[in-house]
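A quick write-up on the structure given underneath.
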Amino acid sequence: MLGQLHTKLVGMFEKYVEEQLKFIEEARHKTKRKGVLPFMRIFPRFAERMEVLLDGNDDIEARKLITTSYDKLVRMMFESTEAVAKETMDFDDKEQGSHVVNIENMHHFYSELRRRKISNLENYMKYAKSSYERHLESYVRGVVRRTLLKLLDFFDGVEGLVKTKASEDVAFHLTYNKQALKKVVSQYPASVVRKDLAHLYKKIEKHFSSEEEEGLLQVAWRGIQDEFIRQHERFSRLIRECYPDAGVQMEFSMQELLGFFSEIAKTHH
């Protein structure tokens with residue numbers, strides 16, 4: 001009798017898991033693209049309940065059943081998140097939109113499970129954290145590249161030449177001579193950079209509008225600030241090394257750049 005009841009309960013639980021897998025699969029086609037996906041919101045609560053039920057229980061078979069269920073559900077959730085990210089049309093830049101979907105959902109998965117201290121999902125938490133960080137880095141570099149495109153293209157080319165030529169010879173290269181340097185630098189005066197940053201913040205604000213993950217806006221913006229600083233330092237170093245006698249420097253100083261970011265921070269807080 002007990003054996004039959006046990007078998008029936010296991011069957012019911014497995015059926016429930018299969019229904020959840022179907023829900024996750026279907027959600028990728030009908031869910032809105034922005035914000036935390038429904039299954040990502042539900043799973044941490046489900047896992048917490050399972051851990052409460054198993055707390056102090058030494059039933060190896062029950063633990064094995066739950067662990068197997070976790071594996072199936074989380075793998076499907078990660079696959080569906082990737083699929084939703086690839087299909088997203090809610091952003092003016094599809095690649096950036098894909099990064100945002102991954103950033104918000106992987107951060108939610110990782111932070112919610114960490115907060116609940118569910119150690120049995122440690123490997124998946126590590127994967128989610130790594131995925132979140134990787135997509136955040138790609139997102140930051142992408143938006144900075146779009147803002148400083150001509151400068152980045154120019155100095156990437158200079159950096160490539162330095163690998164094969166002496167630094168002092170770069171200024172004599174037709175594409176990267178002093179006139180070319182002056183032309184590209186002149187396209188980014190302080191007034192333009194300030195305006196572009198203000199516009200960029202509004203764009204980032206739209207990307208990270210989810211109430212559940214509101215802290216990500218500031219995380220992304222801080223990453224963008226750090227990347228701007230890093231690139232400004234790189235540009236200035238290459239000018240010093242390759243064009244020492246050109247009398248050219250960036251038309252927005254580091255102090256001005258930091259001032260722009262500070263100004264935006266004060267305006268939006």
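The values are calculated or read from the model by the stated rules, or taken from the named source; none is laboratory data. Predicted, not measured: the structure shown is a model, and the values here were computed from it. Every residue, glycine among them, receives a Cβ derived from its backbone with ideal geometry; neighbour counts consider all protein chains shown.
Structural remarks
- The criterion of being in the same structural domain as ALA171 (by TED's automatic domain parsing) and at pLDDT below 95 holds for GLN218.
- Among all positions in the range 239-250, there is at least one residue which is part of a helix (DSSP H, G or I) and either out of contact with any helix residue (DSSP H, G or I) (no Cβ under 6 Å at 6 or more places or on another chain) or free of Cβ contacts under 8 Å to residues at least 12 places away in the same chain (or both).
- Number of residues in the range 232-256 that are aliphatic (A, V, I, L, M) and in contact with an Asp or Glu (Cβ under 9 Å, 6 or more places away or on another chain): the value is 2.
- Residues that are touching a Phe, Trp or Tyr at 6+ places or on another chain (Cβ under 8 Å) and of a type in the set (Gly, Ala, Ser), drawn from the range 199-221: ALA220
- Criterion violated by ASP90 - all others in (1) surrounded by 14 or more Cβ atoms within 10 Å (Cβ to Cβ); (2) modelled with pLDDT of 95 or more satisfied: (2)
- For the range 215-230, the set of residues classified as over 14 Å from the mean Cα position of the chain (by Cα) and surrounded by fewer than 18 Cβ atoms within 10 Å (Cβ to Cβ) consists of ASP226, ILE229, ARG230, listed by residue number.
- Residue match in the range 157-174 (condition: of a type in the set (S, T, N, Q) and in a loop (DSSP other than H, G, I, E, B)): yes
- Selection count where residues are among the polar types (S, T, N, Q) and buried (at least 20 other Cβ atoms within 10 Å of the Cβ), scope the range 93-140: 4
- Selected residue [within 28 Å of GLY97 (Cβ to Cβ) and outside any helix (DSSP H, G or I)] from TYR188, TYR201: TYR188
- Which listed residue is modelled with pLDDT of 90 or more and not aromatic (Phe, Trp, Tyr), from MET40, MET50: MET40
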